[in-house]
Each structure stands twice: as structure tokens, then as C-alpha cells.
Amino acid sequence: MAQHLLFKAGGQTFGLPISETDKIVALENHTAIPGVSSYIVGLQEVEGDVLAIIDLADRFYNLPESDYEEADIILVNWKETRIGLLVNEVTVVENYATEQLAEAVEEKVDGLSLSYISAFVQTEEEIIPILDSHYLFAEEKGEELRKLVEIQTIKA
């Protein structure tokens with residue numbers, strides 16, 4: 001059995017392995033960064049670290065989150081650092097047996113890479129994509145994010 005954190009982004013339910021997540025925080029005192037991709041909400045300090053905050057609904061569907069006060073941020077491991085994923089809401093932690101997880105196709109579908117989906121879970125209500133936080137961004141988008149997470153806090 002593996003635990004997965006389920007959440008909604010852009011009206012769709014997604015899952016993340018709990019082992020890839022750190023904690024859930026609110027969006028507070030973030031700093032918007034001009035000239036970056038629209039799905040990058042900005043930077044926020046969390047426990048002394050400056051983290052990039054990514055709006056998953058905007059990233060996946062070009063539907064930016066409109067209510068930051070109600071949204072949640074899931075802190076996840078991405079490459080060798082942490083980032084925050086802004087989602088509509090975190091719903092539940094579920095246990096899924098290995099046989100419940102259907103492996104995703106790693107090939108491109110109509111030219112789109114779906115490498116960020118590691119598996120699917122069929123529930124009674126819906127099919128839930130399980131995300132791999134390390135592959136949420138293609139090379140060029142990943143490079144933009146990598147430059148942002150390299151920003152260090154300047155102490156006054």
C-alpha cells in the first residue's frame with residue numbers, strides 16, 4: 001500500500017505520492033515576479049527557504065487560480081529542491097495497493113509528453129492521474145524554474 005495526497009486543480013482530481021510531499025501551507029506574502037511564465041505565481045519564504053510557487057491549474061489548463069485565499073500550497077520535492085504547488089484544495093490522503101495503479105504511457109501522445117503522470121487510479125467516481133513532481137516541467141520550463149529556485153534570501 002502506498003499513500004497518496006489527493007487534491008483538485010482546475011476542476012480535476014490529481015494525486016501525489018505522499019513521499020514526494022513535505023507539507024501544506026497557505027499562500028502568504030508572496031512576491032510576484034514579472035516576465036516569467038503565467039503559471040509561476042511568484043516566490044514565497046517558507047521556513048527560511050525561498051520557494052517558487054506554481055499554479056497547477058494554470059500550468060495544466062491555462063486556468064489561473066482566482067481565489068488565492070481559499071487555495072492550498074503543497075510543498076513538494078522537485079529535482080534537488082522544494083517548490084510549492086498552488087491547488088484549489090487538498091481533499092484527502094488515500095492508500096492505494098500497487099495493483100490499483102495503472103502505469104502511465106511514457107511515450108508522447110499527439111506530440112505531448114505525459115512523463116509527469118506516473119500512474120492512474122480508477123475509483124468509483126473518476127480516473128485520477130498520479131503525478132511525478134520531478135517531471136512537471138519540460139526542459140525549457142524547467143530551466144526557468146531552476147533559475148528562480150536558485151535565488152537566495154537577502155538578509156537586511
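The values are calculated or read from the model by the stated rules, or taken from the named source; none is laboratory data. Small disclaimer: the values here were computed from a predicted structure and weren't measured. Reconstructed Cβ throughout: ideal geometry from the backbone, glycine too, with neighbour counts over all protein chains shown.
Quick notes on this structure:
- Residues that are in a strand (DSSP E or B) and either polar (S, T, N, Q) or modelled with pLDDT of 90 or more (or both) within region 34-49 comprise 40, 41, 42, 43, 44, 45, 46, listed in sequence order.
- Identity of the residue in region 63-104, exposed (fewer than 14 other Cβ atoms within 10 Å of the Cβ) and acidic (Asp, Glu), that ends up modelled with the lowest pLDDT: 103
- Restricting attention to region 3-15, the residues that are surrounded by 16 or more Cβ atoms within 10 Å (Cβ to Cβ) and either of a type in the set (A, V, I, L, M, F, W, C) or touching a strand residue (DSSP E or B) at 6+ places or on another chain (Cβ under 7 Å) (or both) total 9.
For (1) under 30 Å from residue 122 (Cβ atoms); (2) in contact (Cβ under 8 Å) with a residue 40 or more places away in the chain; (3) touching a His at 6+ places or on another chain (Cβ under 9 Å); (4) of a type in the set (Phe, Trp, Tyr), each residue gets a yes or a no:
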| site | (1), (2), (3), (4) |
| --- | --- |
| 4 | yes, yes, no, no |
| 13 | yes, yes, no, no |
| 25 | no, yes, no, no |
| 41 | no, yes, yes, no |
| 47 | no, no, no, no |
| 61 | yes, yes, no, yes |
| 64 | yes, no, no, no |
| 70 | yes, no, no, no |
| 81 | no, yes, no, no |
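- Residue satisfying condition, being aliphatic (A, V, I, L, M) and surrounded by fewer than 17 Cβ atoms within 10 Å (Cβ to Cβ), within set 54, 18: 18
- Flag for residue 152 being modelled with pLDDT under 75, surrounded by fewer than 12 Cβ atoms within 10 Å (Cβ to Cβ) and over 16 Å from the mean Cα position of the chain (by Cα): yes
- Pairs, first under 23 Å from residue 118 (Cα atoms) and in a loop (DSSP other than H, G, I, E, B) in region 133-156, second at pLDDT below 60 and among the small types (Gly, Ala, Ser), C-beta under 9 Å, six or more apart: 138/113
- All conditions but one from (1) at pLDDT below 90; (2) in contact with a strand residue (DSSP E or B) (Cβ under 7 Å, 6 or more places away or on another chain); (3) of a type in the set (Asp, Glu) apply to residue 55; the one that does not is (1).
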